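Written below as structure tokens is the structure these notes are about.
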């Protein structure tokens, strides 16, 4: 078997590893992203992927490294070497991203909320709010603000509360 004929399957293995690594990161994040309708089967499949995501990403990294070493030993041209190394680096990046929940980074609890009297608000009359009442204290949290952060930690009437949407 010549080095040229040995290169093609090894390079294919590297790029299959890359495709799997990208899928393992992109699919669950696409399905679970906020405000996106999702079917029960689709969500179940995404949660299954998440369960085994890190192990599968490590397997992709191992396969990519073995394929890269084998490919580089076949003495390919400079451009091909750069492409193979770049593909392996992308597999590594996907493995790193699989350890980060992007929505936890994007949607963090809101800081201390500030309030104003109802007559001074700039809310549209049809705007939805989440209302909380404790004793004599009443608070309203606009859904458009809470839906971005997903959680507001507050104290209303001396009672710690977590408002979520």
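Here are the numbers for this structure:
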quantity: When the stretch 59-162 is reduced to its Cα atoms, the Kirkwood hydrodynamic radius in Å; calculated: 18.5 Å
quantity: Relative contact order for the stretch 3-105, counting Cα pairs under 8 Å that sit 6 or more residues apart, in percent; calculated: 44 percent
quantity: Radius of gyration, Dmax [the stretch 3-105; alpha carbons; angstrom]; calculated: 15.9, 51
quantity: Within the chain, helix-based [θ] at 222 nm, where runs of 4 or more DSSP H residues each add -39,500 (n - 2.57), nearest 500; calculated: -20000 deg cm²/dmol
quantity: 20 °C / 1.002 mPa s Stokes-Einstein diffusion coefficient of the stretch 118-164, Kirkwood radius on C-alpha pairs, µm²/s; calculated: 187 µm²/s
quantity: Per-residue Cβ neighbour rank within 10 angstrom, fewest leading, 71, 165, 141; calculated: 165, 141, 71
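The numbers here are math on the coordinates, done by the rules we state, and not lab data. All figures in this text were calculated on a predicted structure; none of them were measured in a lab. FYI the Cβ positions are ideal-geometry reconstructions off the backbone, even for glycines, and counts take in every protein chain you see.
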